[in-house]
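Since the structure comes first, as structure tokens, the remarks are kept for the end.
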Amino acid sequence: MSLARHGIDRDHERRGRDGDLGEIWAAGARAVFGHRGSLLVASGGLFLGDRTLVPAGRTEIYLGQDPAGTRYIGIDLDDAGRSELDSGLAAERDRDASDLLTAPGTGIDSVEPVWLPLRELAEVLDDVQVSLACELVALGNWHRTHRFSPRNGRPTTPTYGGWVREDPETGSEHFPRTDPAVIVAVVHTDDEGVERLLLGNNAAWESDRYSLLAGFVEPGETLEHAVTREIWEEARVEVGSPQYLGSQPWPFPCSLMLGFSAEAASLSTRADEAEIASLRWFTRTELREALDSGAVRSASTVSIAGQIVHAWLGNE
């Protein structure tokens, strides 16, 4: 139950050349609301509104249609837009907006709309809604940070259903960015056939938190080379035989995580101490005991890191 699940036909042919989504709204599209990485939810899923709830002048993104043919438009809100929406929803219930935001909540199952970050929703949304949420969060991040043309600094405007930003002066088109990153299960197998998994503690984390090593793919290199380079840079471990395991969108703000396994030539390590504070090898028994006792914390299965670690633990 991760962010890698997919349940939406992105239906690119209906995005249209301009930014007008009037025809899609007229066909009964539902609105999904996002604000700085959080989604509006209620009654067990994403809160779905109609066009009357959309604050004027906000970015609209055509997200696609589900298997039943329902179409969805993502609304990326700035702070003022979120405040306006919250006030409108509160007015419908004859409540003060501050009550709506501060009332005791029951998470995604609240009957009142509440804002929750995508990280908390990944394992409870169904395939359709997790697809919509990932699209909206990723594209919302891009729209907020790429409002001006890199060529002349002029404001750009959304076109193609919110999937392109265009410079009205030059006509140049600018597309959403996706930053590929490799995340690697480094495994060493000794002469007796015992496997050990290498985990690292990032310098920005608490000292008991360990996960797989990862890094961004640099221009001009293959994914396989990124695997060997990153592991050497962060841990001074030579690895070979990189094998692709799977991928996962990680819109925080715009990454695509590409999972790999790789074989370590030895158990010798040296943390770079800039990004990685410490490194530890674990057998399956050692890692299970450390996780069960709370001595070590690792990634949850929301992330591909957690999925790979848990798969390795169960692969005896």
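Using modelled backbone amide H atoms (1.01 Å from N, in-plane), which distant-in-sequence or interchain residues come within less than 5 Å of Val217's amide H?
Ala181, Val182
May I ask you to give the average projected area over all directions of the convex hull of the Cα atoms of the chain, in nm² rounded to one decimal? Walk me through the numbers before you get to the answer.
Values: hull surface 77.1 nm².
In nm², the orientation-averaged hull projection of the chain is 19.3.
Positive end of the dipole of the range 12-174, charges at C-beta (+1 Lys, Arg; -1 Asp, Glu), about the Cα centre: which of His12, Phe148, Ala29 has its Cα farthest in that direction?
Checked the options; the winner is Phe148.
Could you compute how fast the range 145-210 diffuses translationally, taking Rh as the Kirkwood radius over C-alpha pairs and applying Stokes-Einstein at 37 °C with viscosity 0.692 mPa s? Give it in µm² per second.
Working: Rh = 16.4 Å.
For these conditions, the coefficient is 200 µm²/s.
Among the DSSP beta bridges whose two residues both lie in the range 12-174, what percent are antiparallel, rounded to the nearest 5?
So the antiparallel bridges amount to about 80 percent of the total.
Could you work out how far the C-alpha centroid of the range 1-21 sits from that of the range 48-79, in angstrom?
11 Å
Quick one: of the DSSP bridges fully inside the chain, what percent are antiparallel, nearest 5?
75 percent
So, with +1 on the Cβ of K and R and -1 on the Cβ of D and E, and no other charges, what is the size of the charge dipole of the range 179-314 about its Cα centre, to the nearest 20 debye?
340 debye
Can you give me the % of accessible surface on the range 146-232 that is carbon or sulfur? Probe 1.4 Å, all protein chains present, nothing else counted.
Taking all protein chains in place, the range 146-232 shows 51 percent carbon and sulfur surface.
Say the dipole of the range 12-174 comes from +1 at the beta carbon of Lys and Arg and -1 at that of Asp and Glu; which of Pro158, Ile108, Leu136 then lies farthest toward its positive end?
Value computed over the given set: Pro158.
Quick check on the chain: helices-only [θ] at 222 nm, where DSSP H runs of length 4 and up contribute -39,500 (n - 2.57) each and the sum goes over total residues. Nearest 500, please.
Taken over the chain, the calculation gives -7500 deg cm²/dmol.
Roughly how many debye, to the nearest 20, is the charge dipole of the chain about its Cα centre, given +1 on each Lys and Arg Cβ, -1 on each Asp and Glu Cβ, and no other charges?
My answer is approximately 580 debye.
Can you list residues whose amide H is under 5 Å from Glu60's amide H, if they're 5+ apart or on another chain and H is modeled 1.01 Å from N?
none
Given the range 179-314, what percent of its DSSP beta bridges are antiparallel, to the nearest 5?
On the way: 24 of 34 bridges.
Antiparallel bridges: around 70 percent, rounded to the nearest 5.
What accessible area per residue comes out for the chain, rounded to a whole number of Å², with a 1.4 Å probe?
So the chain comes to 49 Å² accessible per residue, rounded to a whole number.
Based on Cβ point charges of +1 for Lys and Arg and -1 for Asp and Glu, what charge dipole magnitude is obtained for the range 46-185 about its Cα centre, in debye rounded to the nearest 20? The partial results should precede the final answer.
Numbers: 13 positive and 24 negative charges, 118 e Å.
Here the size comes out at about 560 debye.
Cβ under 12 Å from Val217's Cβ, Val217 left aside: what net charge do those residues give with Lys, Arg +1 and Asp, Glu -1?
Net local charge, Val217 excluded: -4.
I want the local charge near Ala68. Using Cβ-Cβ distances under 15 Å, sum +1 for each Lys or Arg and -1 for each Asp or Glu among the other residues.
Working: positive: Arg30, Arg71; negative: Asp9, Asp11, Asp66, Asp126, Asp127.
For residues surrounding Ala68, the net value is -3.
Using the Cα centre of the chain as origin and beta-carbon charges of +1 (Lys, Arg) and -1 (Asp, Glu), tell me which of Ala42, Thr301, Val194 is placed farthest towards the positive end of the dipole.
Working it through, the farthest residue towards the positive pole turns out to be Ala42.
Please list Tyr160, Tyr244 in order of solvent-accessible area, largest first, computed with a 1.4 Å probe with all protein chains present.
Output order, biggest surface exposure first: Tyr244, Tyr160.
Quick check on the range 179-314: take the gyration tensor over C-alpha atoms, sort the square-rooted eigenvalues as a ≥ b ≥ c, and tell me if it's rounded (a/c under 1.5), prolate or oblate.
Note, shape of the range 179-314 comes out rounded.
The values are calculated or read from the model by the stated rules, or taken from the named source; none is laboratory data. The shown structure was predicted, so the numbers you read here are calculated from the model rather than taken from an experiment. When we count neighbours, we look across all protein chains shown, and the Cβ atoms used for this are built from the backbone with ideal geometry, even at glycine. These accessible areas exclude ligands, DNA and RNA; they are computed on the full protein's heavy atoms, side chains included. Shrake-Rupley method; radii C 1.70, N 1.55, O 1.52, S 1.80 Å.
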